[in-house]
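Colleague: First the structure, which I've put down as structure tokens, then a few questions once you've had a look.
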Amino acid sequence: MHFDIMVGSVLGASEYVAEAILVSIIEAGHTGDCHFEPNVSTLNKDNILLICTSTHGAGDLPDNIEPYAKALQSKDLKGFNAMIIGLGDSSYDTYCGAAMNMETLLLNRGVTLLSEPLHIDVLNHPIPEDIAVEWFIAQLDKVSGK
């Protein structure tokens, strides 16, 4: 399996998460790419789309992934498979709002989610890549039928 990891980041935490997930993908014998400036030109139905984004402002997507999300709004994504990891701070009422918005967008465009999205509260998990990798490995086992 090949994973395209689309990263939405302001301060870098979701970049660390994406890079840790990529290591897990490779260690499991699969392939993947981290896209720190996501672009729809990389869309490929044969790959699993993994959105890894923090939430910025009032539940907004980070600036680097916003154009990607806008471009997805006009795409037919039936037949695509995806997973979502969101980072947020539960002291805000917009906790993981960006990941929730991406989930809604992907589902509305026809994407199949391979698992429930993971929402990481950075207040409880100051090193979010640890819980993300644990979650991802469990999901990977389900997806690959192990």
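The values are calculated or read from the model by the stated rules, or taken from the named source; none is laboratory data. Here the structure is a predicted model, which means the values were calculated and not measured. Heads up, the Cβs are rebuilt from the backbone with ideal geometry, glycines too, and the neighbour counts pull from every protein chain shown. To get the accessible areas, we keep the full protein, side chains included, count just its heavy atoms, and leave off ligands, DNA and RNA. Shrake-Rupley method; radii C 1.70, N 1.55, O 1.52, S 1.80 Å.
Colleague: Kindly state, to the nearest 0.05, the FRET efficiency for Tyr92 paired with Ser144, given R0 = 35 Å and r defined as their beta-carbon distance.
Modeller: In this case the efficiency is close to 0.50.
Colleague: Can you give the calculated 222 nm mean residue ellipticity of the chain, where each DSSP H run of n ≥ 4 adds -39,500 (n - 2.57) and the sum is split over every residue, rounded to the nearest 500 deg cm²/dmol?
Modeller: -10500 deg cm²/dmol
Colleague: Roughly to the nearest percent, how much of the accessible area of the chain is carbon and sulfur, given a 1.4 Å probe?
Modeller: Reported share for carbon and sulfur atoms: 50 percent.
Colleague: With the other protein chains left in place, how much accessible area per residue, in square angstrom, belongs to the chain at a 1.4 angstrom probe?
Modeller: Each residue of the chain exposes 49 Å² on average to a 1.4 Å probe.
Colleague: With θ set to phi - 60°, apply the Karplus curve 6.51 cos²θ - 1.76 cosθ + 1.60 along region 122-138 and write out the HN-Hα couplings as whole Hz, x wherever there is a Gly or Pro.
Modeller: 5, 5, 8, 10, x, 10, x, 5, 5, 5, 5, 5, 4, 4, 4, 4, 5
Colleague: Something else: Tell me which residues come under 5 Å, amide H to amide H, from Ile120 once H is placed; ignore anything under 5 positions away on its chain.
Modeller: Gly86, Leu87, Gly88
Colleague: For the pair Val23/Ser41, report the inter-label distance in nm, with labels modelled 7 Å from Cα in the Cβ direction.
Modeller: Result: 3.1 nm between the two label points.
Colleague: Using only the Cα atoms of region 1-90, build the gyration tensor, take square roots of its eigenvalues as a ≥ b ≥ c, and label the shape rounded, prolate or oblate: rounded if a/c is under 1.5, else prolate if a/b is larger than b/c, else oblate.
Modeller: Since a/c reaches 1.5 but b/c is at least a/b, the shape of region 1-90 is classed as oblate.
Colleague: Follow-up question, since we're still on this one. Apply the Karplus curve 6.51 cos²θ - 1.76 cosθ + 1.60, θ = phi - 60°, to the phi angles in region 84-98 and return the couplings in whole Hz, x for Gly and Pro.
Modeller: Each residue's phi maps through the Karplus curve to give 9, 10, x, 10, x, 10, 5, 6, 9, 6, 9, 3, 6, x, 5 Hz.
Colleague: List the equivalent ellipsoid semi-axes of region 14-146 in whole Å, largest first, each obtained as the square root of 5λ for an eigenvalue λ of the Cα gyration tensor.
Modeller: Values: eigenvalues 85, 79, 34 Å².
Sorted largest first and rounded, they come to 21, 20, 13 Å.
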